[in-house]
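Report on one structure; see the data block that follows.
The values are calculated or read from the model by the stated rules, or taken from the named source; none is laboratory data. Keep in mind that what you see is a predicted model, and the values were worked out from it rather than measured. All Cβ positions, even for glycine, are placed from backbone atoms using ideal geometry, and neighbour counts span all protein chains on display. SASA here: full protein model, heavy atoms, side chains in, ligands and nucleic acids out. Shrake-Rupley method; radii C 1.70, N 1.55, O 1.52, S 1.80 Å.
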Amino acid sequence: MKILVTGGLGFIGSHTVVELQNGGFEVVIIDNCSNSTPEVLKGITKVTGKEPIFEQFDLREKENVQDFFKRHDDIEGVIHFAASKAVGESVEKPLLYYENNIATLVYILQQLSAKSSSNFIFSSSCTVYGQADELPITENAPVKPAESPYGNTKQIGEEIIRDTCKVTPNLSAISLRYFNPVGAHPTAEIGELPIGVPQNLVPFITQTAIGLREQLSVFGDNYPTSDGTCIRDYIHVVDLAKAHVVALKRLLEKKNTSNYEVFNVGTGKGSTVLEVIQSFEKVSEQKLNYKVVGRREGDITAAYADTTKANNELGWKAKSSLDDSLSSAWKWEQKVRS
Ligand code: WQD
């Protein structure tokens, strides 16, 4: 059974390709390599022994998308990761984000709507909740006004899918709202490859520990939390990848209860920034050089998932601990820099 993974050379995409192949699926990757490299294909192939089909082109070219679906009319499902995802950059370049994250989604959905039956998994984000009023966050929590164009593209993307599914009974879709994906494949053959200075906490920690960065700045310790630093739900990328395969199978096996569903994908456990640092120092057996500085614009105090729905309806639960995630991230960083 052939599955299209857009953005399949990216951090979450590549780990999901591995789990799809492990599950017996044939995978086709589309990636424009704007935030990834074809080298990742080698890593995927080393892990699974199977090289996915790979086509490098930009999904913003509508004709490319139409031509692709003509040539691959046996695609049974699509997992759509391809998008720009840097919160700060989205504030500076909103039109780049609206074009890249929205237009490409529309072009893919146009193709899927024309098929007799299609299954679609959308890469969404807990960002849609903003600072939720209640914790842990359930799927019924209200979607708040987006704090960035990036977050807005996830909200708009979910609305586009919902509205399309309403009038397209042959299209079944699931939006997976990720919390904070971290870590790397245990083989250290694939992992996170941030381009330039990492925006996210864990890659900045590992790059500081390996000596690539001088010091980690902890953005604020005066939040109303146990130690004053922000709380997030850090989920191992392999657990997250497995959630995509489970969600896809739910649609393929027609176990979905409606043709549009939403699931939070997290561990259900919140960790502060200082707890992440302590966990890293434990697993790496070395002290991390960090300094507390002022708050980062746009950061929310706390976000962690209520995973009851994914646990009960998807039959999926994250298995890896924060230590496991950080240990795999550290092993990957050491491998990449060796
Ligand atoms: C986590 C915590 C920072 C860096 C973002 C997007 C989200 C998703 C994941 C794409 C925060 C603190 C961070 C640093 C720090 N991206 N921090 N020093 O902001 O929760 O989520 O990335 O889908 O949509 O919003 O993740 O890793 O940037 O920050 O103190 O150098 O670490 O303040 O509290 P975030 P993050």
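Some values worked out for this structure:
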read-out: Long-range neighbours under 6 Å by Cβ, at least six apart or interchain, first residue on the phi > 0 side of the Ramachandran plot and assigned to a loop (DSSP other than H, G, I, E, B) within region 266-293, second among the hydrophobic types (A, V, I, L, M, F, W, C) and open to solvent by less than 40 Å² (accessible area, probe 1.4 Å); value: Gly268/Ala305
read-out: Residues of region 12-47 satisfying the condition of being in contact with a Gly (Cβ under 7 Å, 6 or more places away or on another chain) and polar (S, T, N, Q); value: Ser14, Asn35, Ser36
read-out: Flag if Ala247 is away from the ligand (no atom under 16 Å from the Cβ), assigned to a loop (DSSP other than H, G, I, E, B), touching a residue at least 12 places away in the same chain (Cβ under 8 Å) and aliphatic (A, V, I, L, M); value: no
read-out: Ser327 being outside any helix (DSSP H, G or I), open to solvent by 40 Å² or more (accessible area, probe 1.4 Å) and of a type in the set (Gly, Ala, Ser); value: no
read-out: Looking only at region 197-220, and only at residues there that are more than 20 Å from Thr301 (Cα to Cα) and open to solvent by 50 Å² or more (accessible area, probe 1.4 Å), the one that is nearest to the chain's Cα centre (by Cα); value: Val197
read-out: Test result for Leu4, in contact (Cβ under 8 Å) with a residue 60 or more places away in the chain, buried (at least 16 other Cβ atoms within 10 Å of the Cβ) and out of contact with any Ser or Thr (no Cβ under 9 Å at 6 or more places or on another chain); value: yes
read-out: Region 263-303 - residue that is open to solvent by less than 10 Å² (accessible area, probe 1.4 Å) and within 10 Å of the ligand (Cβ to nearest atom) and, of those, nearest to the chain's Cα centre (by Cα); value: Ala303
read-out: Check on Ala188, open to solvent by less than 50 Å² (accessible area, probe 1.4 Å), small (Gly, Ala, Ser), within 15 Å of the chain's Cα centre (by Cα) and modelled with pLDDT of 95 or more; value: no
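Per-residue answers, yes or no, for (1) closer than 21 Å to Trp332 by Cβ; (2) touching a helix residue (DSSP H, G or I) at 6+ places or on another chain (Cβ under 9 Å):
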residue	(1), (2)
Lys2	no, no
Val5	yes, yes
Gly10	yes, yes
Val17	yes, yes
Phe25	no, yes
Val47	yes, yes
Lys50	no, yes
Leu59	no, yes
Glu63	no, no
